[in-house]
Structures are given as C-alpha cells and as structure tokens.
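The values are calculated or read from the model by the stated rules, or taken from the named source; none is laboratory data. Just so it is clear, the structure is predicted and the values come from calculations on it, not from any experiment. Don't worry about glycine lacking a Cβ; one is built from the backbone with ideal geometry, like all the others, and counts go over all protein chains shown. Note: areas computed on protein heavy atoms with side chains; ligands, DNA, RNA excluded. Shrake-Rupley method; radii C 1.70, N 1.55, O 1.52, S 1.80 Å.
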Amino acid sequence: TGGNPQRQGDNVAKVIPVRGRSIPKTGAGCFWQFKLCVHTFLLTRAQRSLSLFLFCGASDDMTSRLIRPLLVGALIRGRAEGILRCGLARSTSLPVEFDATANSDLYQIQLIRAVENTSHPYFIQTIPPTARESVVWNLLPNTTYYLQLLSHNASAPSTVQGWRLPETPIACMTSGAKRPSVAERKVPHYEVAKLSLQWVVNSPISSVTAAKSQVLYRLCGDSLCSDSLSQVSTLEGWMHVEVTNVAGYEMSTVISDLNSGHYEVIVRQTHDGKHWTTSDPSMFRVSSNSTIPTAMYRVSEYTYEIDFLTNHNSADLEGQVAFLSSTNDNLFFQMAKSPVTAYCVDRTPVPSSTNEGFAEYVSCNGPEADPRNDPANPICICDVFPDRMIALQSSSEMTAACGEVQWAKDGSHSSPPCNCTGANGVSSKWSTPNISDWFVGRMNSWLPYFYYQTPAETYPGRQRFGSNFATPKRGECSQQMVMGEDGCTWQRSPGATVIWGDDLINRGWNQTAVNHWPLHQHGPNTTRQIETNLPVFKATFASLEAFLSPRCCGC
C-alpha cells in the first residue's frame, strides 16, 4: 500500500518477524532447545554464536519452523555457507568476497552499527547470484564497519521475503585518507551521459604547475567493479584522459559521451613524468538521456525486514512523511519496529505520457486485494478508492471508476471497489492498465492528507505535497539486466540507505495515532503533524552521514 493509510479492525499479527529474534518463552519445547544449545559448545566460536542465536532466540512456532532446518543443515556441513571476508582496505570503499550459498538467486550485504545489533542495518547492497565479490562504496576513511551477508532463497516467489538469516558479522576497517582523492564536482543534481570530476594536486609546491594527471575510468559490471586494481599501471581495461597545465592545487575535468551505469574512477599524478601517485578508486553513477533517476522511500509492510520494491508502492520524501504521519499503526507496519528504505530507481518514461513520464498509479499489497494477495508475493490491482481520495481525483473520475459511495446512518460511508480495464479488455478491480503493468506509476498526494474522503469536483485549500509510486514486477530489470532488455523499464540501484522507526521516534517524531476509518465526509486533519515530522525525517536520514558519504540519486 502506498499512500493508503491503514485500515481499522486489522491487527499487527500479520507482521512476520522472519528472523525470529524474540526472547524464548518458557514452556513446552524449551527442554529440547536447551539440549541442542548445549551441544553447540562443541562447535567453533563462530558456529556457536550463530547456532545459539538461532536455537535459543526463536520462540514462535512459525519462526522455529523456518530456523531449525536452516541450522541443522549448517551443523551438518560443519560451517555456514556464504562466509564473508574483507578484501584490501581502501579509504572510501571496502572490497569483500564470499562463498556461494546453495539455491540462492540474490545476495545482500548489510552494514550494521554493532555486532550485537544485527537486525537494524543502515545500508544494504544487493549482489547478483553469480558474483562472489563486490565493493561497498561511499564509506569514510579510517572507520570500522560491521558487515553481514544474507542470501535469498531461490525457491521464494519474490525478493520481498525469503531472505535467510545473516551469517556472523565481520569487522572491516577503511584505510586513512589518501591524496590525490577524486570527487564528483558539486552539482545540484545528477548529470546525464557525463562525469564532472575534481581533485587536489599532490605535488611539491614548487612543481604544482608542472603536475600532470591521468583520469582512469571504466564501466562497472553488476557487482560494482569488484575486480582488482592490478592493471592500473598498464592501463589495461581502462579508458583515460590526460590533464595538464595546472594553474593551482585544484584540478577538474569533464568526461562526456558516456553510457549509463556505474563507473570506477582513479586519478594518477606525476610531477616529473617518472613517479606516479595513484588515488584510491571512487564510484560514480552516470544516467542516460532515456532514463530518469527517481528517489523512492518505502516503509516495509507485513514484515520487519527490508522488503524492496517489487509490486509495491512507495513515495518521494514528502509523500512518505505524509503517509507515516497519517496512520493508525494497526496493520501494515509498526512505527517503532519497521525500516524505511531510501532507494534510487532508474526508470524509462512512458512515451507520450501526460503524467510526466509516469503510468497510471495502481495499488499494491493492500487489504483490498484479499484474498488473492500474499505479502510474500504481492500483487497490484486497480487504483483503490482511498488512494484515489489521497490523490484528490474529481468526482466525475471517481464515479466512473468506482460508482457511488453508500452512506450509513452514522454518517460514515463505504469504500467501493474501483475498476480498471486491462489488456484483455476486461474491466474489474483485479485488472490494471497494460501500461501500468510495465512502467512506474505515480499519483500526487496533497495536504490536508486524506482529509477529503468524499469525491467532489473541487477541494478547497488543497496543497500539493509529494507523490506516491507503483513499481510493477513485470517491468522490473534485474541487477544483471540492461534497461530495456525483455521490455523492462525500471531498475533499482544495488545500494540503499535505511532508517528505522525507533530512529525517528528518538529524534522527536510525532507518532500520535491517526484513525481515518470508517470513512466520513472529512477525516482528521494531520497537516501540522506532517509538517512537524518532515524535518525529523530529513535529519534522521542525514544522520547516516556519520557512516556514509552522501550521494544524490543518480550521482
């Protein structure tokens, strides 16, 4: 559900704590768990850590069924699969490598604040199934990072759920700051088909004007340039440009006519033509003329795990704050426990669109899709009545799609199903427009948020406040695909930052519960609460700069 506030009457029992970190309750079953925990002391220290956590940390039946077969397999093998290892430290990136895990179709590296806090990553990076190494970028020099590896079960219907428990975290430390250090020139937003770079000369003062630089760059693969730098001295596999005639310490250049993708960039400098100083590599994102980078924020639903974008709704920054501030906290998520993930998506605009390149919005993973919807493999249906009201569609539009509302004696009214016409020509709530099956959809959201709950031709005092998005599974490009391959139109960048509900609450988030149900002529006016929470949301994401270098979507 994207802009759709939570429905009254449902409860949070639908939330599935996949990793089972709850404290075990006393009672039936504890005795055999205790015996197994004792047996684990015969294992290595790392295996004990994992097995004690798994056996003694799982209390509910569902979690136990998920965890125990996984652990038994690990004990039989003698060690866990997918062991993560640090590579050669760099100042702003960490190469890592790992072993394969059987029956996996995607891997995920997570950065966590401490070994004891494995459930709250602040950064994730997905890795394709064929890769055995990758590089985590945008880090800070001289900093210790805690990393853990997750693998996704290929038998799961989607990447929304089905992630296995993480392996034991490891600690890796970046090296000290190195000069020269290449950076992207400060620009207000992403650039198309080019890189604007700057760096500082690392030469004796007397020879600054004689310094010469080489900028080496290469297009990364889907594992983000994980191979070694051993070929830098010969320039094999690298494109490069020469920069000379330096007038001062600051140097810069613009590399144009680039294809879209992630680029690894290195600067080599010499002041005598014989001795070269080489920077640590940096990674930059280049966009193309045919795609548009779009930042999307999503709170996970029906799970406390990060649940990605496939057949889900999300929002831009303002739209997400409005949604999170206008909920009764009963169904889709619990504010104190749920992650909010900031993704960057490259999307192909809809040809000849009247909606700024977006398709019609569709509603995903919501209660209106019961009984067909499964949170582990969500579906999208025709834009539902509450989402249309959040978008303040006119009464003529609403009546044509949804019919008339039915009023009750207490002044409340129904939320009628809305119908769309699909590619097969059938009109129903289950049908979605063909273009919305392939392209990213969008609807506008407004203040006061979900205040108007009955269709009208005009809505006095409305103020545009953000957007909600729909990302259809059919149009998704996997990490190994090129945009446009097999008709795919949108692709999630591998890396994403994450904050948690308790992070927001600790910074002063106003979590006053809001109840929009049942629907009336007007609902609660949450404008002041939203405006109070907006700077808290921004500041919480900005706080991640204590661990990561900030990077705009598409940069």
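Given a Förster distance of 30 angstrom, what is the FRET efficiency for Ser175 paired with Gln463, based on the Cβ-Cβ distance and rounded to 0.05? Mind dumping the intermediate values first?
Working: r = 49 Å, r/R0 = 1.63.
Plugging the Cβ-Cβ distance into 1/(1 + (r/R0)^6) gives 0.05.
Leaving out same-chain residues fewer than 8 places away, which aspartates and glutamates sit with a Cα under 16 Å from that of Lys212?
Filter leaves Glu242, Glu250, Asp272.
Multiplying the sequence separation of Thr253 and Glu531 by 0.36 nm and subtracting their Cα-Cα distance, what value in nm do you get? Don't skip to the end; give the middle numbers.
Details: separation 278, 0.36 × 278 = 100.08 nm, distance 4.12 nm.
96.0 nm is the gain from fully extending Thr253 to Glu531.
Please label the shape of region 326-462 as rounded, prolate or oblate, based on the square roots a ≥ b ≥ c of the eigenvalues of the alpha-carbon gyration tensor (a/c under 1.5 means rounded; beyond that, a/b larger than b/c means prolate, else oblate).
Details: a/c = 1.32, a/b = 1.12, b/c = 1.18.
It comes out rounded by the Cα gyration axes.
Could you put Met335, Met483 in order of accessible surface area, largest first, with the 1.4 Å probe and the full protein assembly present?
Details: Met335 15, Met483 50 Å².
These residues rank, largest area first, as Met483, Met335.
For the pair Asn506/Trp430, report the inter-label distance in nm, with labels modelled 7 Å from Cα in the Cβ direction.
Going by the 7 Å Cα→Cβ label model, 4.6 nm.
Does region 268-359 come out rounded, prolate or oblate, given a ≥ b ≥ c as the square roots of the eigenvalues of its C-alpha gyration tensor, rounded meaning a/c under 1.5 and, failing that, prolate meaning a/b above b/c? Let's see the in-between values first.
Working: a/c = 3.80, a/b = 1.77, b/c = 2.15.
Cα axes put region 268-359 in the oblate bin.
Need one value: the accessible area of Asp370 in square angstrom, 1.4 angstrom probe, rounded to the nearest 10.
Surface accessible to solvent at Asp370 totals approximately 80 Å².
Which whole-angstrom value gives the distance between the alpha carbon centres of region 474-531 and region 108-123?
Region 474-531 and region 108-123 have Cα centres separated by 21 Å.
Given a cut-off of 29 Å, name the pairs among Lys337/Lys473; Lys337/Lys409; Lys337/Lys429; Lys337/Lys538 whose C-alpha atoms lie farther apart than that in the structure shown.
Details: Lys337/Lys473 26 Å; Lys337/Lys409 38 Å; Lys337/Lys429 32 Å; Lys337/Lys538 19 Å.
Correct reply: Lys337/Lys409; Lys337/Lys429.
Which order do Trp276, Trp407 take when ranked by solvent-accessible area (1.4 Å probe, heavy atoms of all protein chains), largest first?
Values: Trp276 80, Trp407 130 Å².
Result, largest first: Trp407, Trp276.
Just to verify a number: what accessible area does Ser352 come out at with the full protein assembly present, 1.4 Å probe, Å² rounded to tens?
Around 120 Å² of this residue is reachable by solvent.
Ignoring any ligand, DNA or RNA, what whole percent of the accessible area of region 330-413 comes from carbon and sulfur when the probe is 1.4 angstrom? Could the numbers behind the result be given before it?
Values: 1590 of 3280 Å².
Here carbon and sulfur together make up 49 percent of the probe-accessible area.
At 0.36 nm per residue, minus the direct Cα-Cα distance, what do Gln480 and Ala154 gain on full extension? Give it in nm, one decimal, please. Intermediate results must be reported in sequence, preceding the final value.
Numbers: separation 326, 0.36 × 326 = 117.36 nm, distance 1.56 nm.
So the extension gain works out to 115.8 nm.
Would you mind classifying region 398-555 by shape? Square roots of the alpha carbon gyration tensor eigenvalues, ordered a ≥ b ≥ c; an a/c under 1.5 is rounded, otherwise it is prolate if a/b is larger than b/c and oblate if not.
On the way: a/c = 2.66, a/b = 1.12, b/c = 2.39.
Here region 398-555 falls in the oblate category.
With every protein chain present, what is the per residue accessible area of region 234-313 (1.4 Å probe, Å²)? If you can, show how the numbers build up before the last one.
On the way: 3190 Å² over 80 residues.
Each residue of region 234-313 exposes 40 Å² on average to a 1.4 Å probe.
Where in region 295-313 is the amide nitrogen less than 19 Å from a point lying 7 Å along the Cα-to-Cβ axis of Glu356?
Flagged as within label range: 295-298, 313.
Can you give me the solvent accessible area of His240 with a 1.4 Å probe, rounded to the nearest 10 Å²?
80 Å²
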